[in-house]
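To keep things clear, I will list the structure first and then write my remarks on it.
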Amino acid sequence: MNLTNFGRGKKIAAVAAVLSIIGGGSWYFFGANATKDAAVYKTVKIDNGDLVQTVSANGTLNPVVLVSVGTQVSGTVKKLLVDYNAKVKQGQVLAVLDPSLYDAQMAQSAASVKSSEASLELAAANEKRMRELYAQEYVSKQELDQSVQALKSAKAQLALSKASYQRDSTNKDYSVIKSPVSGVVIDRQIDVGQTVAASFQTPTLFKIAQDLKQMQIDSSFAEADIGMIKVGQEVTFNVDAFAGRSFKGLVRQIRLNATTQSNVVTYNVVVSVNNPDEILMPGMTAYVNIKTAERKNTLLVPNTALRYKPSTLEANGKKPEIKAKKKEGERGRNATVYVLENGAPKAVKIVVGITDNKQTEVISGALKATDTVITDETVKGGAKKPNAPVRMF
């Protein structure tokens, strides 16, 4: 016996045994476990129910009529007669500016009026005398014309003096700040002793809400939602101040002036709100929901079922056919859901309608109430089943 060949044969046999063990282990891990790691499907039974579709946005509560009270004259605040939250009547005095300067201007204008009146009397007397002398041919026609012109000038000067007096009197009246409407003072921007200057822009002294029992929400909705909003639609909203309480309103206006920020186009939707108890305050943030559509006793499918795609399709890079044949004039969009048939997912084509972002209306298709749809899948052991065994050699 050749000992060298015998030793070589034992080595070959040992290597073959090791390879056999590795191959068996690979088959067990990738083959047997593949069967063990079968997909487990999560399903939901569908049924009929009611569905409400809404669009949402944030807004700010504001008075329907908010008047900014300013001043047309400058001066120092001498008296302040109202404060925050004060209820005022139309014409009520809110504040008084120091009238000393305007009193002096009125006195000067009054003196100018008296001087003009005296000048007019003298001019009238001269004109009368010149006419008499002209009739007797003691003065020339030119001298008479000059006296007539002096009389007209004196009349104009008197009118000018009276206009100046009227202007100064009006300015003094403006130094008394009055409310133009009846309402509630929601903002005061002056204090006693403060100087206000009215130049090119009238300063705001007070803000008065005409009626806090009627308010509005100014909200911004994205252009993707604006097509579903109509004047008169019902609105529900919440505010942080009254957690858990819902308030109602109506869409009053959809303003056409679009606003663009960061390439997002929004439109201002104005919502009318009744506030009989005056518990809603100006400036509160309102979380607005507008009901755009409603269905009663319609077949509903969870949105998770619409998003679900079998892992076999994802692994093979295939996209399921989602087009369903619509009936003539039928609204909605095509979608696909999956049901279990013989332990495997089966595609079912449907046409869906409105959604509340949790459930979606089924308009037509092969689904019916009490059917079970797949919403998710997992693999036993927490890993996806491999597509094929891996060759070691």
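For this structure, a couple of remarks:
- Residue list for the stretch 42-51, restricted to those being surrounded by fewer than 19 Cβ atoms within 10 Å (Cβ to Cβ) and either in the same structural domain as ASP225 (by TED's automatic domain parsing) or not β-branched (Val, Ile, Thr) (or both): LYS42, LYS45, ASP47, ASN48, GLY49, ASP50
- Test result for ALA344, modelled with pLDDT under 90 and either among the hydrophobic types (A, V, I, L, M, F, W, C) or loosely packed, with under 11 Cβ neighbours inside 10 Å (or both): yes
- Among the residues of this structure, GLN72 does not count as one that is touching an Asp or Glu at 6+ places or on another chain (Cβ under 7 Å), modelled with pLDDT under 95 and outside the structural domain of ALA222 (by TED's automatic domain parsing).
Yes or no, residue by residue, for (1) out of contact with any Ser or Thr (no Cβ under 8 Å at 6 or more places or on another chain); (2) assigned to a strand (DSSP E or B):
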{"site": "GLY49", "(1), (2)": "no, yes"}
{"site": "ALA57", "(1), (2)": "no, yes"}
{"site": "ALA95", "(1), (2)": "yes, yes"}
{"site": "LEU101", "(1), (2)": "yes, no"}
{"site": "ALA104", "(1), (2)": "yes, no"}
{"site": "ALA118", "(1), (2)": "yes, no"}
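- When the test is whether a residue is over 47 Å from the mean Cα position of the chain (by Cα), exposed (fewer than 13 other Cβ atoms within 10 Å of the Cβ) and part of a helix (DSSP H, G or I), GLU137 does not pass it.
- Screening the stretch 106-132 for residues that are of a type in the set (S, T, N, Q) and loosely packed, with under 15 Cβ neighbours inside 10 Å and picking the one that is farthest from the chain's Cα centre (by Cα) gives SER115.
- Selected residue (only one of LYS78, LYS42, LYS89 is under 36 Å from the mean Cα position of the chain (by Cα) and at pLDDT 90 or above): LYS89
- Counted residues, the stretch 68-91 - those being part of a strand (DSSP E or B) and surrounded by 16 or more Cβ atoms within 10 Å (Cβ to Cβ): 5
- All of (1) surrounded by 14 or more Cβ atoms within 10 Å (Cβ to Cβ); (2) more than 22 Å from the chain's Cα centre (by Cα); (3) without any contact (Cβ under 8 Å) to a residue 60 or more places away in the chain hold for ILE226 with one exception: (2).
- Tally of residues being in contact with a Pro (Cβ under 7 Å, 6 or more places away or on another chain) and of a type in the set (S, T, N, Q) across the stretch 39-85: 2
- Lone qualifier among ASP98, ASP103, ASP173, ASP145 - being closer than 30 Å to TYR84 by Cβ and exposed (fewer than 14 other Cβ atoms within 10 Å of the Cβ): ASP173
- Comparison of GLY193, GLY183 shows that the only residue that is in contact (Cβ under 8 Å) with a residue 40 or more places away in the chain, within 18 Å of GLN92 (Cα to Cα) and assigned by TED's automatic domain parsing to the domain that holds ALA111 is GLY183.
- Qualifying strands (runs of 3 or more DSSP E) (wholly inside the stretch 250-303; at least 1 residues being in contact with a Gly (Cβ under 8 Å, 6 or more places away or on another chain) and assigned by TED's automatic domain parsing to the domain that holds GLY232): 264-274, 285-302
The values are calculated or read from the model by the stated rules, or taken from the named source; none is laboratory data. This one's a predicted model, so the numbers in the text were calculated from it and none came from an experiment. Note that we place each Cβ from the backbone using ideal geometry, even for glycine, and neighbour counts take in every protein chain shown.
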